[in-house]
Amino acid sequence: MDKLFQKYLSRHSVSFPFEKDDSKKDIRVVIPVYLEEESIDLLLDSIHVAAKKCQMQIELIMVVNYSSDCSSDVKLRQQKLFDYLIGQSQEYTHFSISVIQAYDLIAKHAGVGWARKIGMDYAVSKYADEDNPGGIILSLDADCVVSSNYFTEVWKKFEEEILNGCTICFEHQSEGLNDSQKEAIFQYELHLRYYLQALRWTGHPHAFHTVGSSFAITAEAYVRAGGIPRKQAGEDFYFLQKVISLGSFSELNTTCVYPSSRISDRVPFGTGPTIAKLINDSDDYKTYNLQAFIDLKDLFIMRDKFYKIEQEAYLDLLSELSGRIRSYLLNSDFYADLTNVNNNCSSLNTFNKRFFEVFDAFRVVKYLNYVHEHFLEKTAVFDVSLDLLELLERDADDLMDTNDVLDYFRKWEKQ
């Protein structure tokens, strides 16, 4: 086993009981499972269709989990799900199922993040045993379905490109929803796509979706990124930013994952709570003002000038920026971080790459929250998405409602 894997697995071994398949695999799919009686068969059926169309060996790693403080009813339902999945593991011939019992997790940390981590750590341990650092790990949720070409396109992507990982195209399910529910999920997904395109327009090199149910990575990239954190929510964002910063990261738009649009309070933030709030408040989804991205682009354009800059010249340079972003940079002590980068860069080319290690995706979010707290008002996502299209001189005259704009952004990304 590679020393990198040995070091990681010595600290992150999977100690939960599980039913497993010991044969070698090309692709392993990690799926947290929590009270998914109604959706699990839809997921398995869609995976079965996709698996029939490929030649690779596939293993589903299903992590049935609950916290130490959950009710006896939850425990009973989860045990029934575990037993059901064990039975289902005999029903499918085109993929295998390994089921992990992640029971009585410490309540403070229990949630989808820890369940995903348990499954991914297990996948890494299997690839390590097989001496396959390039083994593919897919991340899904139990309430998703996938396109019929899901596995073939993922395999093709990693065969044709040298990658640490990629995001996978996603579109939230909307069948069976009423008008208010559809409008809520369309607005939320439009916010995700608006944010991505606005950040890409600024020139930030790490602008990718970070949706937990639609990404793929190699086992080696997982270990190099330090593994996924056991956060109750947002684990996908934190982890993927580390993988993205490794480089060789891309996006796959020739297949699709369809996440659920259900109302949920299982996590403190994310799709479920957002949809619930939008429906309950009967209000438009408010997202970041386009002006914040315009200011950010101005900063990124002048980043060459920050190379080996002294503090007095730095302060003079900030006067060329808007008061909004200048205020953030001064109050976040950006110069100290910039100095640290400058002290470890011997060329402008290296500095330009390292600059975005300082102004990474985490800092972008902090900046956006700061300027919206002090200077800007958030804007209805429908309106600001049209503003972005107008700024980029893209024809949006025929876009009349949220669904139209969302469809435009979906097609835009696939291009």
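What to note about this one:
- I61 assigned by TED's automatic domain parsing to the domain that holds L44 and either touching a Pro at 6+ places or on another chain (Cβ under 7 Å) or closer than 20 Å to P229 by Cβ (or both): yes
- T255, sole failed condition from (1) of a type in the set (S, T, Y); (2) surrounded by 17 or more Cβ atoms within 10 Å (Cβ to Cβ); (3) modelled with pLDDT under 95: (3)
- For region 167-216, a residue qualifies if it is closer than 30 Å to I301 by Cβ and in a loop (DSSP other than H, G, I, E, B), and the qualifying residues are G203, H204, P205, H206, A207, F208, H209, T210, V211.
- Scanning region 128-152 for residues that are acidic (D, E) and surrounded by fewer than 19 Cβ atoms within 10 Å (Cβ to Cβ) yields D129, E130, D131.
- Each residue in region 224-252 was checked for being buried (at least 20 other Cβ atoms within 10 Å of the Cβ), outside any helix (DSSP H, G or I) and either of a type in the set (A, V, I, L, M) or touching a strand residue (DSSP E or B) at 6+ places or on another chain (Cβ under 6 Å) (or both), and 4 pass.
- In region 193-209, residue nearest to the chain's Cα centre (by Cα) [restricted to those that are free of Cβ contacts under 8 Å to residues at least 60 places away in the same chain and surrounded by 19 or more Cβ atoms within 10 Å (Cβ to Cβ)]: H209
- Options E220, E175, E189: the member that is out of contact with any Phe, Trp or Tyr (no Cβ under 7 Å at 6 or more places or on another chain) and either without any contact (Cβ under 8 Å) to a residue 12 or more places away in the chain or outside the structural domain of I47 (by TED's automatic domain parsing) (or both): E175
- Residues in region 313-353 that are within 29 Å of the chain's Cα centre (by Cα) and assigned to a loop (DSSP other than H, G, I, E, B): S332, D333.
- Answer from S89, S180, S125 - the residue that is surrounded by fewer than 23 Cβ atoms within 10 Å (Cβ to Cβ) and under 30 Å from D401 (Cβ atoms): S180
- Selection count, region 15-33, where residues are part of a strand (DSSP E or B) and either outside the structural domain of I106 (by TED's automatic domain parsing) or closer than 15 Å to Y127 by Cα (or both): 4
- One residue stands out in region 306-337 among those that are small (G, A, S) and under 18 Å from H374 (Cα atoms): the one that is surrounded by the fewest Cβ atoms within 10 Å (Cβ to Cβ), namely G323.
- Close pairs (7 angstrom Cβ cut-off, 6 or more residues apart or separate chains): closer than 16 Å to R410 by Cα in region 380-398, of a type in the set (D, E) and in a helix (DSSP H, G or I) anywhere: A396/E390
- Hey, V358 closer than 26 Å to T287 by Cβ, in contact with a strand residue (DSSP E or B) (Cβ under 8 Å, 6 or more places away or on another chain) and in contact (Cβ under 8 Å) with a residue 24 or more places away in the chain or not: no
- Residue count for region 338-357 satisfying the condition of being among the aliphatic types (A, V, I, L, M) and surrounded by 17 or more Cβ atoms within 10 Å (Cβ to Cβ): 2.
- Flag if R77 is crowded, with 21+ Cβ neighbours inside 10 Å and either out of contact with any Leu (no Cβ under 9 Å at 6 or more places or on another chain) or over 23 Å from D236 (Cα atoms) (or both): no
- Members of region 165-190 found to be of a type in the set (A, V, I, L, M, F, W, C) and closer than 26 Å to A207 by Cβ, listed by number: C166, I168, C169, F170, A184, I185, F186, L190
- Taken residue by residue, region 34-49 has at least one member that is part of a helix (DSSP H, G or I) and small (G, A, S).
- Residue that is farthest from the chain's Cα centre (by Cα), among those in region 82-129 that are part of a strand (DSSP E or B) and among the small types (G, A, S): S96
- Pairs meeting the criteria (first residue in region 6-28 and closer than 27 Å to Y92 by Cα, second residue at pLDDT 75 or above and aromatic (F, W, Y), beta carbons under 6 Å, at least 6 apart or on different chains) are V14/Y122.
- Yes/no for A221 being surrounded by fewer than 24 Cβ atoms within 10 Å (Cβ to Cβ) and over 18 Å from L138 (Cα atoms): no
So that you can scan it fast, the table gives a plain yes or no per residue for (1) touching a strand residue (DSSP E or B) at 6+ places or on another chain (Cβ under 7 Å); (2) over 28 Å from S13 (Cβ atoms); (3) assigned by TED's automatic domain parsing to the domain that holds H206:
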position	(1), (2), (3)
Y103	yes, no, yes
A107	yes, no, yes
W114	yes, no, yes
K117	no, no, yes
S125	no, no, yes
G134	yes, no, yes
V146	yes, yes, yes
N149	yes, yes, yes
K156	no, yes, yes
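The values are calculated or read from the model by the stated rules, or taken from the named source; none is laboratory data. Here the structure is a predicted model, which means the values were calculated and not measured. Cβ coordinates were reconstructed from backbone atoms using ideal geometry, including for glycine residues, and neighbour counts include every protein chain displayed.
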